[in-house]
1. Using modelled backbone amide H atoms (1.01 Å from N, in-plane), which distant-in-sequence or interchain residues come within less than 5 Å of Val78's amide H?
2. Calculate how many DSSP beta bridges within the chain are antiparallel, expressed in % of all such bridges and rounded to the nearest 5.
3. Semi-axes of the equivalent ellipsoid for the range 192-503, please: Cα gyration tensor eigenvalues, times 5, square-rooted, ordered largest first, whole Å.
4. Once the piece of chain linking Ala72 and Lys239 is laid out straight, how much longer is it, given 0.36 nm per residue of separation minus the C-alpha distance between them?
5. Please list 3J(HN,Hα) in residue order for the range 225-237, calculated via the Karplus relation 6.51 cos²θ - 1.76 cosθ + 1.60 where θ = phi - 60°; whole Hz, with x for glycine and proline.
6. What per residue convex hull volume, in Å³, do the alpha-carbon atoms of the range 178-288 yield?
7. If you take every DSSP beta bridge fully contained in the range 192-503, what fraction is antiparallel? Give it as a percent rounded to 5.
8. Just need the relative contact order of the range 471-542 here, percent rounded to a whole number, with Cα pairs under 8 Å and 6+ apart.
Amino acid sequence: MITADGLGKAAAMRRHVIRTLTALGMGLALTAAVSTDRLPMVQAAPIAGLYDVVPRPVSVEPDTAHHHEFTAGAVISVQSGSSGALADAQYLAGFLRRSTGFPLPIRQVSSAATNGISLLLSGAPESVGRQGYRLTIGRAAVVIRARTAAGLFSGIQTLHQLLPAAADASTKQPGPWLVPAGVITDHPRYTYRGAMLDVARHFFSVATVKHYIDEISLYKINYLHLHLSDDQGWRIEIKGWPRLTSVGGATEVGGGSGGFYTQTQYRGIVAYARSRNITVVPEIDMPGHVNAALHSYGKLTCSCVAPPAYTKIGSPNTSLCVSKSVVYDFINDVVGQLAGMTPGRYLHIGGDEVVGVSADKYKTFVAKVQTIVTNHHKTMIGWDQVAAAKLSSGSVAQDWDTTHTNSRLADVSHHGVKLIMSPANHVYLDQKYTKQTKLGLSWAGYVEVDDAYGWNPATYLHDGNHSAVIGVEAPLWSETITTLHDIQYLAFPRLPAAAELGWSPRSTHDWTRFAHRLGLQAPRWTVMGIRFYRSPLVPWRS
Ligand code: TNX
């Protein structure tokens with residue numbers, strides 16, 4: 001089968017590699033693959049095709065006559081004078097040293113080495129922009145060129161996926177470490193490619209969050225939105241408001257003991273995410289979805305009476321008393337401290353599903369909070385309901401609507417407000433895949449992986465301003481999940497689908513080809529310990 005995605009070329013290359021390996025006497029049991037052009041046929045394939053990458057790169061030019069083999073003497077050469085590029089090199093060396101057992105020394109250079117892997121901040125074409133890269137894989141050398149350290153990291157993650165799945169093992173593996181030769185030139189469709197994790201309904205440890213960061217960064221996700229507070233729990237230490245965590249942090253859905261991040265732990269998550277080219281976006285949901293804070297401090301309510309803890313799924317529909325000045329002191333403290341710990345530009349204020357606050361008061365509240373966020377030098381994001389208020393140019397509304405006809409949102413998108421697209425019936429990772437799925441909710445319908453892939457972020461919102469869309473985000477709400485494996489099961493394979501919508505050019509979107517490339521991810525997920533949903537729609541490679 002010859003397709004624009006190069007399956008035919010990949011098959012040809014695979015035959016070439018098989019011949020090469022046979023000639024090298026490597027004795028791999030690949031005979032089944034020789035007899036057919038169809039992919040995938042080989043269990044534990046020794047080499048990927050250059051197209052076997054998610055998200056699909058912009059331009060792929062395979063050199064089917066060659067491949068590259070990493071060997072024990074390989075050196076990582078990195079642009080001198082850039083701490084970001086050095087951090088990228090350390091990430092690459094980190095996983096490769098573990099699985100290959102090679103020393104992989106890192107050397108600072110100013111031009112490409114003739115062997116090993118070079119990471120350079122020069123010579124990339126202008127078209128790759130600030131987040132893209134060019135990856136050139138030759139017989140003797142691999143070179144990644146980009147204009148920023150972020151671009152280099154994206155190139156590294158492409159190379160990562162072209163390595164055998166065993167490269168992700170936590171112990172030394174035998175190899176061989178082969179990658180296909182050719183040139184990939186790549187840049188994202190959107191600057192914002194997000195994943196959201198709700199740590200409020202159930203709390204997740206720092207270690208779990210770091211695992212998730214590792215997993216999403218493989219798909220070039222560059223924002224992690226942390227939903228840090230909700231009715232059922234408050235998860236971030238705020239100085240001067242100790243009961244938020246001692247009381248509000250001690251609950252969760254189902255009555256468990258919850259948990260929270262100290263400011264030091266939060267900074268640790270931010271730094272770890274940064275080492276994976278991911279910027280954290282903290283969210284404090286307000287003025288609704290805030291029962292844990294009200295339960296901690298009765299003075300934040302109009303009656304001054306703290307409501308009981310809420311540990312069910314759903315909402316008690318309580319809210320901050322938007323006419324009280326202490327509420328704005330509280331918000332200023334929370335926003336100020338979060339802004340101080342968050343190097344990224346965005347701060348999310350929720351704003352969804354508010355009950356018992358009049359429309360006018362809600363609009364005034366959002367405008368005031370927007371000013372507080374701006375005073376702390378951050379850009380405000382809110383769920384799509386904030387579009388009812390007077391938003392500043394550059395503020396961001398996150399569309400989670402299951403319809404295409406949110407006219408208020410469409411309207412503000414023509415007046416400077418930016419959009420992040422998260423339609424619940426496509427990319428809410430907490431929705432069940434099918435009726436049989438045990439974990440998840442289903443209020444937005446069942447969301448199979450082809451639903452997650454089958455929509456266009458640019459045109460989803462009818463009458464919206466397409467150029468206002470800054471990207472795509474896949475939210476994972478946690479009412480029904482409690483462990484890393486639960487997170488993985490709901491996120492994989494839908495998260496990579498959302499990531500491809502955010503990165504790859506619209507012209508490359510094709511479900512059949514995507515499903516093929518997705519199926520090739522399975523061996524890597526297995527090695528990484530990712531427990532994923534084996535959708536029957538995907539031709540999984542064992
Ligand atoms: C809607 S989307 C919510 C969340 C729930 C989620 C469950 C949005 C802004 N609010 O509070 O957790 O549905 O799917």
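The values are calculated or read from the model by the stated rules, or taken from the named source; none is laboratory data. No experiment lies behind these values; they were computed from the predicted model shown. Heads up, the Cβs are rebuilt from the backbone with ideal geometry, glycines too, and the neighbour counts pull from every protein chain shown. Side chains included, ligands, DNA and RNA excluded: accessible areas come from the protein's heavy atoms. Shrake-Rupley method; radii C 1.70, N 1.55, O 1.52, S 1.80 Å.
1. Arg107, Gln108, Val109, Leu119
2. Just about 30 percent of them are antiparallel.
3. Gyration-tensor ellipsoid for the range 192-503: 27, 23, 19 Å.
4. 55.1 nm
5. Listing the rounded values in order: 8, 9, 7, 8, 8, 6, 4, 8, x, 10, 10, 9, 4 Hz.
6. Expressed per residue, the convex hull around the Cα atoms of the range 178-288 is 135 Å³.
7. Roughly 5 percent of the DSSP beta bridges within the range 192-503 come out antiparallel.
8. Over the range 471-542, the number comes to 37 percent.
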